[in-house]
Structures are given as C-alpha cells and as structure tokens.
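A short worksheet on the structure shown next.
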C-alpha cells in the first residue's frame with residue numbers, strides 16, 4: 001500500500017514541476033504578449049460587478065470552470081484545501097462544518113445560524129443541512145474570507161461561498177461524461193445548452209447521477225456507508241425580450257440516498273478505548289481496533305435528503321443604473337439516523353427528521369460606471385434590500401437501548417422525542433459606495449442594517465421509565481436581534497499590476513435556540529448574538545509579464561460572544577448545550593502564489609497561518625478554556641498544486657496535475673487536547689496530515705479521457721469527532737479513491 005509523508009508529497013509535486021518545465025523545453029514566458037490565463041483572469045461578481053479577482057480589495061479566492069474541471073472539484077470539500085485557512089469537516093451531507101480563519105460552527109439545526117454563508121446563484125441557502133452536496137455544471141466558485149454584509153443579501157460573520165452555475169448560451173453546445181471508480185462507483189452527467197428563439201430565449205439543461213459504495217463498514221451487518229448516492233438536475237431559461245431586460249429562471253432538484261449515511265465508531269477515553277458514553281449494565285462492548293473505516297455498530301446509519309429550488313432573476317439595465325431582483329423558493333426534506341455513541345452495544349440511537357421552506361427576495365440598484373448617477377465616473381455605488389423567511393419543523397428521536405444507563409436495569413428500551421417548530425423572518429438594507437479620489441486611490445464606504453425575528457416552539461416527550469427527557473414539556477420562545485455593521489476600505493494602485501488595501505469592518509451573527517433540548521429549563525436558555533471587528537491589510541500583484549502572482553493578506557479579529565456547542569453529562573443524562581464564549585482574538589496571514597514559468601506549466605501555492613485563541617472562555621465553574629486554541633483552527637495549512645500541459649500533435653493534449661493539501665495539528669474540541677479538561681479531550685487532537693491528489697487528462701478534439709486518484713497515499717485521518725461527555729466518537733476521512741472518466745463536448 002502506497003504511503004506518502006508530507007515531505008515526500010511536496011517533493012512529488014515539485015518533481016512534477018521540474019519534469020514539466022524540462023519536458024516543455026520552453027524558456028519563453030509570454031513572448032511579449034499578454035496571454036489569457038484561467039487563473040489570473042477569472043471575472044467574478046463577488047462585489048456585484050464584473051471584476052477580475054486581482055482588482056478586488058478583499059481576500060477572495062475564485063475558481064473558474066476550467067480550473068474546476070482540471071482539478072477534479074466536485075464539492076465544497078474539494079474547494080476548502082485550496083483556500084488559505086479554510087477548514088471543511090462534516091458529520092455527513094446534512095451536517096457540514098465550515099470554518100474560515102477559525103470562524104465557523106458545527107450547529108446545523110434551524111435554531112442557529114451558519115457562520116460561513118453558502119450562496120447558490122446569489123441565493124442564500126439558509127439551511128446548512130442542504131448546502132453541502134455534489135457540484136455539477138458549475139461556472140465558478142467564489143470564496144470570500146472575513147465578514148460579508150454590505151453586498152450580500154444575508155449577513156455572514158466568517159465568510160461567504162458563492163457557487164455560480166453555467167448559464168444558457170446563444171449557440172448550441174453540450175457535454176457528456178461517464179466514469180467509474182473503486183468502491184463500485186459510477187457516474188453519468190450530461191448538459192445541453194442553446195437557443196430556442198435566437199438570443200431572445202435560451203436554455204440550459206443538466207442532469208447527473210453519482211453512486212459509490214461507502215468506505216466505512218459495520219462488521220455486525222456488513223453494511224457500508226459514507227459513500228455517495230446523489231442525483232440531480234437543473235434547468236435554466238433566459239429570456240431577453242428587449243436589449244435592456246433579461247429574465248433568468250432556474251429550477252433545480254437534488255436527492256441523496258442511503259449510501260450517503262454517516263456514522264462513527266466509539267474511541268472511548270484516553271487510554272481506555274472500551275469506555276462507552278452513557279453505558280449501563282454489565283455487557284462489554286467490542287473494542288474498535290483504531291481503524292475507523294471498520295467497526296461494530298448496533299444500528300446502521302441512513303440518509304434520505306431531497307431539495308427543490310426555484311429562482312427568478314430579473315435584470316433591467318438602464319442608462320444610470322441596473323435594477324436586479326432575485327426571488328427564490330427552496331424546500332428541503334431530510335431523514336437520517338445514526339448510532340450516536342458508535343458502539344456494539346444498544347445504548348443511544350438518534351433519528352432526525354426535518355422539513356423546511358425558505359423564501360428570499362433581494363432587490364439591488366447598481367450604478368452604471370459612466371451613468372448620470374456616477375458623477376462622471378467618480379463613484380460606483382450599490383443599494384439593496386433583502387427579505388428572508390424560513391419555516392422549519394424538526395424532530396429528533398432518541399432510542400435508549402437496553403445497554404444504556406437508564407434502561408439496563410429494566411431490560412427494555414425507551415424513546416424520547418425532542419421536537420421544534422421554528423420561524424425566522426429577517427430583513428436588511430445594505431449599501432456600498434466606491435469613491436475614486438484619484439486614478440490610483442479609492443475609498444469604499446459601506447453599511448448594513450439587519451433585523452432578525454425568531455420564534456421557536458419546542459416540545460419534549462417520553463415513553464416511560466427514566467429516560468433522558470425526565471418529564472414532558474412544551475415551551476415557546478421568541479427573540480429579536482438587530483445590528484448595524486459598517487465597512488471602510490482604502491485601496492491604492494501601485495501600478496497596473498499591483499495594489500494595496502486596508503479595511504475595517506464589523507460582522508454580526510444572530511442568537512438563537514438550543515439544539516434538541518431535553519428539558520424546559522434548557523430550552524428556555526437562548527444564546528446571544530456574536531459580533532466581530534475585523535481589520536485587514538492586503539497586497540495583490542502580478543510580476544514578470546504575469547508569470548508570477550503574489551497575494552498576501554494580514555488580518556486581526558476581535559471576536560465576541562462566540563456560540564460554542566458541547567455535549568456534556570448533567571446528572572445522569574446527556575445535554576447538548578450552546579453557550580457564548582466571552583471573547584477571542586484571531587490573527588493570521590493568507591498567502592497565495594502562482595508561478596507560470598512556461599505557457600504550459602504552472603504552480604500554485606496557498607498558505608494560511610492562524611493564531612486563534614479563546615481570550616476568556618469559562619464554560620462553567622470548574623472548566624475554563626481561556627488562553628487555549630480555538631477549535632478547527634490549525635496554525636498552519638497549505639496547498640501546493642502543479643500542472644503541466646503537453647501538446648502531442650494535432651488536437652491531442654495531455655494534462656498532468658498533482659495537488660497536495662497539508663493541514664497542521666488542530667483540535668476538534670476546546671482544551672488543546674489537555675487531559676485536565678476531561679479524559680476524552682486528548683482524543684480530540686487531530687495530528688497533522690497531508691492528502692495527495694493526482695490527475696491525468698488526455699484530450700483529442702471533443703473527446704476527453706481522465707484518470708484520477710484522490711488521497712493517493714491512502715492517509716488515515718478523521719474528518720470530525722463527536723465528543724460525548726468524556727468519550728469520543730471518531731469519523732473516518734475518505735481513503736484512496738481512484739477512477740477514470742470519458743467525456744465528449746460539442
């Protein structure tokens with residue numbers, strides 16, 4: 001079995017670089033002409049205008065359609081390692097964990113907000129349980145680091161990810177792809193685009209199915225899980241009845257099935273792998289060997305997720321401004337279940353059901369660059385309004401088995417159900433103006449006012465005996481949260497290829513309600529909003545006739561009232577509790593480097609340094625995490641990629657690519673792995689690991705053949721853990737996945 005350490009992988013990528021340069025036998029960099037580049041020349045709309053990434057005075061990483069295809073990106077999980085200080089973990093498709101620069105959340109229920117906003121075609125995806133899935137037929141992905149609010153419909157405190165699908169085209173085009181992989185995987189994709197009535201009515205239709213057996217197996221039943229079972233489709237129609245008016249209509253659906261179920265295995269406590277959370281009685285569990293890809297569970301995980309979206313976008317381009325209206329309706333239904341404590345014993349199973357309906361309406365006015373309202377091109381401005389409504393119903397059923405602490409004596413199981421009915425209404429007004437003081441000096445002033453109203457009716461029921469819900473209850477809570485958040489940026493163009501900027505902004509994240517409360521007293525504890533003050537300076541540049549890209553950003557965050565979730569034992573029952581950590585300070589540096597020594601060879605490097613600590617976090621009278629590192633915030637993270645393209649004659653080309661992502665040591669739970677915070681805490685430390693991806697593509701005219709291997713070194717790591725009281729449940733990361741695809745385009 002191939003094993004590659006950090007230095008070996010880096011050496012491999014660099015060897016690919018050296019070989020590519022030598023084999024290209026080209027010393028001319030650009031032949032005195034500016035060459036279009038799929039990395040440098042990506043045009044984004046992150047600031048609601050079409051701009052090149054290099055010209056925007058914010059920390060942003062963007063990936064165009066060609067990059068996505070060449071790198072094999074199929075989900076946000078693949079994007080994260082390519083962005084400085086971006087960590088992705090998950091408890092499965094419905095429970096993503098997105099952390100940018102140390103800011104994120106593992107809360108996924110409707111009672112709380114996501115710290116990193118995910119947008120699809122400029123539409124906010126309010127339910128994090130529906131934001132993570134297969135990305136197909138994508139034009140580009142934009143990742144903005146830091147609080148966003150003056151340009152986006154929904155405020156996000158940690159960053160924003162905007163996924164843009166491919167639009168209809170005035171000419172008839174299409175592409176089809178089919179592939180196979182290990183774990184009995186296969187996939188089929190097709191997309192067709194073209195005119196219905198010239199350029200007045202155009203369409204694009206895409207559909208796909210991706211199937212792969214799981215890489216984790218329950219030896220008790222033989223069932224495999226943590227695979228892929230996804231299918232979906234998207235239809236876009238663009239109407240342009242007159243030159244100034246464009247109407248874009250989108251309908252999309254995605255479904256995920258049972259193979260995508262997610263489960264972990266009990267790892268016990270430090271030095272005692274056989275200890276099981278909430279266990280009672282005398283039965284002894286089967287101790288897992290340490291390989292989290294195989295173990296014994298008493299209950300197989302399952303998943304059924306269904307999402308439907310309708311989007312209507314209207315743009316009217318006038319002489320002075322452009323009016324944009326985006327209306328969207330999204331329905332989401334999920335059912336999933338898991339062996340919560342991850343052992344061979346019948347202790348605690350969790351089954352979750354959720355239904356939600358989301359409606360958003362955004363309206364924006366954007367000044368025309370040379371229009372009458374731009375003061376002769378001196379000011380570029382945007383003014384917007386946003387409305388968001390989400391209604392969700394969630395029920396979590398907990399089956400307490402005969403090996404649990406409360407049912408072992410009785411010898412029978414019991415069932416508790418925690419149900420919640422949520423309603424969220426939010427509106428906001430936002431705006432920003434870029435003032436061009438000189439040809440080189442710009443000042444940006446922006447602001448946002450947010451107003452959130454939330455209501456939750458939470459209920460607990462129990463069957464009999466001594467369950468975790470001691471007595472039935474029903475309680476209703478409501479809250480209103482509001483905030484004004486300003487932004488100021490000063491940017492200066494040193495030359496046509498280099499600029500510097502400095503910015504100050506604030507961010508806001510609503511408070512909310514407890515996740516699956518087990519008592520009225522717990523449900524009545526609301527957690528407060530988070531707020532952040534963000535300072536950033538940056539330098540963006542291109543050198544040597546665009547053969548060398550160098551971007552660097554330094555930042556400091558003053559972060560208050562962090563919403564932190566932990567599962568603890570209160571008396572003889574587990575309690576999931578979200579509390580506010582008092583304060584944190586985050587400092588760091590993002591670095592992006594691009595090298596293109598020849599026309600057909602390039603290297604890219606993304607590096608993040610992060611110093612993120614809890615300044616004042618007393619969880620309770622006996623547990624104080626002050627001065628320790630924040631969760632999921634590795635001090636060092638890096639991605640290095642090398643790509644070489646060879647012309648083999650005629651229309652035949654060969655592209656070789658290697659990517660190596662290194663994640664430094666980090667902690668899944670507060671406490672820096674120190675046993676003084678609990679016997680399970682040392683197991684929440686994740687040692688540094690690196691993943692190597694390899695890809696080779698041979699194309700000839702419209703045909704394309706690709707072979708790939710992700711995690712080529714078959715490195716074992718955990719994508720997340722679940723800390724239950726003093727014990728830990730570990731979830732395996734993906735092993736080596738390899739396969740081949742054949743595609744045809746016209």
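The values are calculated or read from the model by the stated rules, or taken from the named source; none is laboratory data. No experiment lies behind these values; they were computed from the predicted model shown. Here the Cβ positions follow ideal geometry from the backbone for every residue, glycine too, while neighbour counts run over all protein chains shown.
Is it the case, given these coordinates, that residue 262 is out of contact with any strand residue (DSSP E or B) (no Cβ under 6 Å at 6 or more places or on another chain) and under 30 Å from residue 207 (Cα atoms)?
Values: out of contact with any strand residue (DSSP E or B) (no Cβ under 6 Å at 6 or more places or on another chain): yes; under 30 Å from residue 207 (Cα atoms): yes.
Here the answer is yes, as residue 262 does meet what is asked.
State whether one or more residues within the range 488-496 are more than 30 Å from residue 546 (Cβ to Cβ), assigned to a strand (DSSP E or B), touching a strand residue (DSSP E or B) at 6+ places or on another chain (Cβ under 6 Å) and at pLDDT 95 or above. Steps first, answer last, please.
Residues of the range 488-496 more than 30 Å from residue 546 (Cβ to Cβ): 488.
Going one step further and asking which of them are assigned to a strand (DSSP E or B), we end up with 488.
Add one more test, that the residue is touching a strand residue (DSSP E or B) at 6+ places or on another chain (Cβ under 6 Å), and what stays is 488.
If we keep only those that are at pLDDT 95 or above as well, we get 488.
Yes, there is a match, as at least one residue in the range 488-496 is more than 30 Å from residue 546 (Cβ to Cβ), assigned to a strand (DSSP E or B), touching a strand residue (DSSP E or B) at 6+ places or on another chain (Cβ under 6 Å) and at pLDDT 95 or above.
Matching residues to (1) out of contact with any strand residue (DSSP E or B) (no Cβ under 7 Å at 6 or more places or on another chain); (2) surrounded by 20 or more Cβ atoms within 10 Å (Cβ to Cβ):
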{"site": "693", "(1), (2)": "no, yes"}
{"site": "701", "(1), (2)": "yes, no"}
{"site": "706", "(1), (2)": "no, yes"}
{"site": "720", "(1), (2)": "no, yes"}
{"site": "746", "(1), (2)": "no, no"}
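Just for strands (runs of 3 or more DSSP E) wholly inside the range 565-657: which have at least 2 residues that are modelled with pLDDT of 95 or more and in contact with a helix residue (DSSP H, G or I) (Cβ under 7 Å, 6 or more places away or on another chain)?
Because the criterion is at least 2 residues that are modelled with pLDDT of 95 or more and in contact with a helix residue (DSSP H, G or I) (Cβ under 7 Å, 6 or more places away or on another chain), the strands (runs of 3 or more DSSP E) in the range 565-657 that meet it are 601-616, 636-649.
Return the residues of the range 674-691 that are at pLDDT 95 or above and touching a strand residue (DSSP E or B) at 6+ places or on another chain (Cβ under 7 Å); say none if nothing qualifies.
Within the range 674-691, 683, 684, 685, 686, 688, 689, 690, 691 meet the criteria.
Residue check, residue 292 against (1) in a strand (DSSP E or B); (2) touching a residue at least 60 places away in the same chain (Cβ under 8 Å); (3) surrounded by 16 or more Cβ atoms within 10 Å (Cβ to Cβ), all met but one. Which one?
Going through (1) in a strand (DSSP E or B); (2) touching a residue at least 60 places away in the same chain (Cβ under 8 Å); (3) surrounded by 16 or more Cβ atoms within 10 Å (Cβ to Cβ) one by one, residue 292 breaks only (1).
Condition first: under 18 Å from residue 162 (Cα atoms) and part of a strand (DSSP E or B). Can you find one or more residues in the range 80-87 that meet it?
yes
Which residue out of 155, 162, 218 is out of contact with any strand residue (DSSP E or B) (no Cβ under 6 Å at 6 or more places or on another chain) and within 30 Å of residue 104 (Cβ to Cβ)?
Result of the check over 155, 162, 218: 218.
The rows are residues; the columns are (1) surrounded by fewer than 19 Cβ atoms within 10 Å (Cβ to Cβ); (2) without any contact (Cβ under 8 Å) to a residue 60 or more places away in the chain; (3) under 21 Å from residue 104 (Cβ atoms).
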residue	(1), (2), (3)
517	no, no, no
524	yes, yes, no
539	yes, yes, no
544	yes, no, no
554	yes, yes, yes
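Where in the range 688-746 are the strands (runs of 3 or more DSSP E), entirely inside, with at least 2 residues that are within 30 Å of residue 174 (Cβ to Cβ)?
689-700, 703-710, 737-745
What pairs come out if I take residues in the range 216-236 that are touching a residue at least 40 places away in the same chain (Cβ under 8 Å) and on the phi > 0 side of the Ramachandran plot and pair them with residues that are part of a loop (DSSP other than H, G, I, E, B) and surrounded by fewer than 21 Cβ atoms within 10 Å (Cβ to Cβ) whose C-beta lies under 6 Å away, six or more apart or interchain?
The qualifying pairs are 226/215.
Mind listing whichever residues of the range 216-235 are out of contact with any helix residue (DSSP H, G or I) (no Cβ under 6 Å at 6 or more places or on another chain), part of a loop (DSSP other than H, G, I, E, B) and surrounded by 20 or more Cβ atoms within 10 Å (Cβ to Cβ)?
Matches in the range 216-235: 226 only.
Please go through the range 179-199 and give me each residue that is more than 24 Å from the chain's Cα centre (by Cα) and closer than 20 Å to residue 165 by Cα, ordered by number.
Matches in the range 179-199: 188, 190, 191, 192, 193, 194, 195, 196, 199.
Exactly one condition in (1) assigned to a loop (DSSP other than H, G, I, E, B); (2) closer than 23 Å to residue 52 by Cα; (3) in contact with a helix residue (DSSP H, G or I) (Cβ under 7 Å, 6 or more places away or on another chain) is not met by residue 93; state its number.
(2)
Kindly evaluate residue 382 against the criterion of being surrounded by 20 or more Cβ atoms within 10 Å (Cβ to Cβ), more than 30 Å from residue 281 (Cα to Cα) and modelled with pLDDT under 95.
Numbers: surrounded by 20 or more Cβ atoms within 10 Å (Cβ to Cβ): yes; more than 30 Å from residue 281 (Cα to Cα): yes; modelled with pLDDT under 95: yes.
Yes.
Just checking, which of 532, 567, 603, 586 is under 26 Å from the mean Cα position of the chain (by Cα), in contact (Cβ under 8 Å) with a residue 60 or more places away in the chain and surrounded by fewer than 19 Cβ atoms within 10 Å (Cβ to Cβ)? Full working, then the answer.
Details: 532 fails: surrounded by fewer than 19 Cβ atoms within 10 Å (Cβ to Cβ); 603 fails: surrounded by fewer than 19 Cβ atoms within 10 Å (Cβ to Cβ); 586 fails: surrounded by fewer than 19 Cβ atoms within 10 Å (Cβ to Cβ).
Selected residue: 567, the only one of 532, 567, 603, 586 that is under 26 Å from the mean Cα position of the chain (by Cα), in contact (Cβ under 8 Å) with a residue 60 or more places away in the chain and surrounded by fewer than 19 Cβ atoms within 10 Å (Cβ to Cβ).
Can you tell which of 680, 671 is closer than 21 Å to residue 90 by Cβ and crowded, with 22+ Cβ neighbours inside 10 Å?
680
If you scan the range 170-214, which residues turn out to be crowded, with 16+ Cβ neighbours inside 10 Å and outside any strand (DSSP E or B)?
183, 213, 214
Quick one: count up the residues across the range 403-437 that are within 27 Å of residue 520 (Cα to Cα), assigned to a loop (DSSP other than H, G, I, E, B) and modelled with pLDDT of 95 or more.
1
Is the range 109-128 home to any residue that is surrounded by fewer than 19 Cβ atoms within 10 Å (Cβ to Cβ) and in a strand (DSSP E or B)?
So far as the range 109-128 goes, no, none of its residues is surrounded by fewer than 19 Cβ atoms within 10 Å (Cβ to Cβ) and in a strand (DSSP E or B).
Quick test for you: out of 457, 434, 417, 429, pick the one residue that is free of Cβ contacts under 8 Å to residues at least 60 places away in the same chain, surrounded by 16 or more Cβ atoms within 10 Å (Cβ to Cβ), farther than 30 Å from residue 351 by Cβ and touching a strand residue (DSSP E or B) at 6+ places or on another chain (Cβ under 8 Å).
Exactly one of 457, 434, 417, 429 is free of Cβ contacts under 8 Å to residues at least 60 places away in the same chain, surrounded by 16 or more Cβ atoms within 10 Å (Cβ to Cβ), farther than 30 Å from residue 351 by Cβ and touching a strand residue (DSSP E or B) at 6+ places or on another chain (Cβ under 8 Å), namely 434.
The rows are residues; the columns are (1) touching a helix residue (DSSP H, G or I) at 6+ places or on another chain (Cβ under 8 Å); (2) over 30 Å from residue 288 (Cα atoms); (3) touching a residue at least 24 places away in the same chain (Cβ under 8 Å); (4) crowded, with 16+ Cβ neighbours inside 10 Å.
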{"site": "326", "(1), (2), (3), (4)": "no, yes, yes, yes"}
{"site": "332", "(1), (2), (3), (4)": "yes, yes, yes, yes"}
{"site": "339", "(1), (2), (3), (4)": "no, no, yes, yes"}
{"site": "342", "(1), (2), (3), (4)": "no, no, yes, yes"}
{"site": "348", "(1), (2), (3), (4)": "no, no, yes, yes"}
{"site": "352", "(1), (2), (3), (4)": "no, no, yes, yes"}
{"site": "363", "(1), (2), (3), (4)": "no, yes, yes, yes"}
{"site": "367", "(1), (2), (3), (4)": "yes, yes, yes, yes"}
